[in-house]
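This report concerns only the one structure given below.
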Amino acid sequence: MQLDQRFVPLEKLTPQVFPLPKLAGAEAALPWFALRTRSNFEKLAATALENKGLTPYLPTYKNRRRWSDRVVVSDSPLFQGYVFCRFDPLNRLPVLTTTGVISIVGCGTEPAAIDDQEIESIDAILRSGLATEPCPFLREGQRVRVRRGSLAGVEGMLTKKKSDFRLVISVTMLQRSISVEIDREWIEVL
């Protein structure tokens, strides 16, 4: 039986996830910036940035949606409407002309860099394999550091959801946060 050439193989339809790249040399010295994207254009913008030779980072989480006849699990952006990217702030035209990118997050006309520690904390949480989800940005709360487990050394704010404790990592410039469930015994107050 011959397959019709109009059909695309399933592996080409699966979304591409952009993990935190390991960088060395001059590119590692470039700061991270947050890029505001059009609604639902995060993956397209990250792909276009990568095709331009830039270093995008699109953290995603597994999102379960219940439809009338089934449950669908998909990768959704952890920070909806945003993609992180390393680039030279003096050469931002290639970034701003990328499909799906609306603007660079900043103060006035100057782009504001995202702290490397915030990006690394997000990546550490995603690599840990613990259930992660977006949550509202928190301005107040107790800062804690994880002492043991796969998140040892990660700092964030402690919150409580129902009877579970959650560690919240915030990206201050975006005023967005993510949370992960954590054992109370794993943390120490800063």
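Each value in this text was obtained by applying a stated rule to the coordinates, not by laboratory testing. Fair warning: this is a prediction, and the values are worked out from it, not measured in the lab. Positions of Cβ are backbone-derived with ideal geometry, glycine not excepted, and every protein chain shown enters the neighbour counts.
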FRET efficiency (R147, T172; Cβ distance; R0 30 Å; to 0.05) is 0.80
Karplus ³J(HN,Hα) for the stretch 90-99 (6.51 cos²θ - 1.76 cosθ + 1.60, θ = phi - 60°; Hz, whole; x = Gly/Pro) runs 7, 10, 9, 4, x, 6, 5, 8, 6, 4
Amide H neighbours of T60 at under 5 Å, excluding residues fewer than 5 places away on the same chain, with H built from the backbone geometry, are L78
Rounded to two decimals, the Rg over Rh value of the stretch 19-114 from Cα coordinates and the Kirkwood Rh reads 1.04
Per the 1/(1 + (r/R0)^6) rule, R0 = 25 Å and r from the Cβ atoms of Q117 and R92, FRET efficiency to 0.05 is 0.60
Expected vector for the stretch 177-188, Karplus 3J(HN,Hα) from phi with 6.51, -1.76, 1.60 and θ = phi - 60°, integer Hz, x for Gly and Pro, equals 9, 10, 9, 9, 6, 8, 6, 5, 6, 7, 10, 9
Quick numbers on the stretch 116-190, Rg and Dmax over C-alpha atoms in Å, give 11.0, 32
Taking placed amide H atoms and a strict 5 Å upper bound, the residues 5 or more places from F87 or on another chain that come that close are F33
Subtracting the Cα-Cα distance of L44 and E110 from 0.36 nm times their residue separation yields 21.3 nm
The size of the Cβ-based charge dipole (Lys, Arg +1; Asp, Glu -1) of the stretch 30-69 about the Cα centre, to the nearest 20 debye, is 200
